[in-house]
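Before any comments, here is the structure.
The values are calculated or read from the model by the stated rules, or taken from the named source; none is laboratory data. What you see is a predicted model; the values in this text were computed from it and never measured. Every residue, glycine as well, gets a Cβ built from its backbone with ideal geometry; the counts of neighbours run over all protein chains shown. Protein only, heavy atoms only, side chains kept; ligands, DNA and RNA dropped before computing areas. Shrake-Rupley method; radii C 1.70, N 1.55, O 1.52, S 1.80 Å.
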Amino acid sequence: MQKKNMNLETKKNIICKSHYLAAIFLIALVTSAIYLTGDENRDILEKQSSQQKQSNFSINGEIETGIKEGLNAISECNLFSGKWVFDNKSYPLYDENRCSFMLDDYACRKYGRTDSKYQQWRWQPNECNLPRFNGTALLEKIREKRVVFVGDSLNKNQWTSMLCMIELSLDRSSPKLVIRKGNSFVFQANEYNATIEFYWSPLLVESNCDDPENHHGVSNRIIRISAIEKHARHWNDADILIFDSFMWWLDPTMTILWGSFGSSDAIYKKVEMKMRRYEMALNTWSDWLEININRTKTNLFFMSLSPYHFHGERWDVKENCYNETEPIMKKDYWGIATDREMMEIAESNVQKLEKRGLKIEYLNITHLSDYRRDAHPSVYRKFYHSPSEEQLANPKSYSDCVHWCLPGVPDIWNEILFSYIINSL
């Protein structure tokens, strides 16, 4: 009888435990259903974040085989010689609508662009593979460091791209804020104690176009060709500096100032010599770098000119980037308006610095970008002055064929920059 009671008791315990487990399973199932259906955007972002954080680099610095081969290829092949390959599985690297840092200058889909193919092209070097961008790996490399993009709105274009590319590698609770401090726009990745900044200095040297917001109406550009300290004192403790300066030098005439703005004994002189002006400014810039840069701390990069597409493939073809939806696929194509002489001046200046013992990487993104007439905003961006009725009737007349839609071409520039940073720090 006692044995029978024990068996009965055992059965009761098993039944109770089964009901208890079933209840737990049911609660878990309901909770999962609520979670999965309650916040679709969060689920998508977490999925993307998980994919982004499937790091080709482990946190302790070990490099996975595929990426390691790509990094080794940097010293073995020319990353800047290759072709564009359509790849809608790997690109875009982020969603324009979900980037917290996106600016209206580059948000082409927001302003009405309906095609998206321009976001889905991969740059394929001829003799190697470009290492896949990895936000976590980059943030680990720049931990406790200061990264500064210095230049014009094209460098701002690249800086914005970089912030969008790393966003999914940041903690969800991390503030996605950019703080303006004078000419500096600063984002701080708190969990890495790292900053990624943009500093507005379109001509590198001091000018009357130095206000980051109120420079659009300046018609007569005045430059202090030998004065850079006003800007440069904000860069001298950076760990990584990325410079660009080109587009603002294309005015047929500019005024050179010897002396100070507002000084009674200042000398002003209008100068037409575009090449000479550019060379003089870069000499001022390189002299400052040679004297002031900490060579054991700071890594230097100079971005070659970003090409514009205001012309067709011949001077007599009246075309620009408006309504273009495909890259130029002609092998070894160079745009007729691409100023190779100005490129040579920049390259020469970098080479002179290296001969004087200051290492600076010249990232020649001009040729690869020249193929991409399809990737500019054209009319699909915020304009600081509303187009007139006459312009609206002729969209080509006010198309922006200088800057780049995001996601887009600047993401590739940053993949190349990433390769160098990972390989050098």
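Some observations on this one:
- Gyration tensor verdict on segment 239-312 (Cα atoms; rounded if a/c is under 1.5, prolate if a/b is larger than b/c, oblate otherwise): oblate
- Computed extension gain for Glu191 through Lys230, at 0.36 nm per residue and net of the alpha carbon distance, reaches 10.9 nm.
- Label zone at Ser174 (point 7 Å along Cα-to-Cβ), backbone N below 15 Å, segment 192-213: 192-197
- Net charge of neighbours whose Cβ lies under 9 Å from the Cβ of Phe101, counting Lys and Arg as +1 and Asp and Glu as -1: 0
- Three-way shape label, segment 101-143, alpha-carbon gyration tensor, a/c 1.5: oblate
- Inter-part distance, segment 285-359 to segment 107-172, computed on C-alpha centroids, equals 19 Å.
- 14 Å beta-carbon shell around Asn323, net charge (K/R +1, D/E -1): -1
- Anisotropy class assigned to segment 314-422 is prolate, per the alpha carbon gyration tensor with a/c at or over the 1.5 cut-off and a/b larger than b/c.
- Solvent-accessible surface of segment 313-396, taken per residue with a 1.4 Å probe and all protein chains present: 58 Å².
- Additional length obtainable on full extension of the chain from Glu389 to Asp237, 0.36 nm per residue less Cα span: 49.8 nm
- Our summary gives segment 229-344 a relative contact order of 28 percent, counting only alpha carbon pairs under 8 angstrom and 6 or more residues apart.
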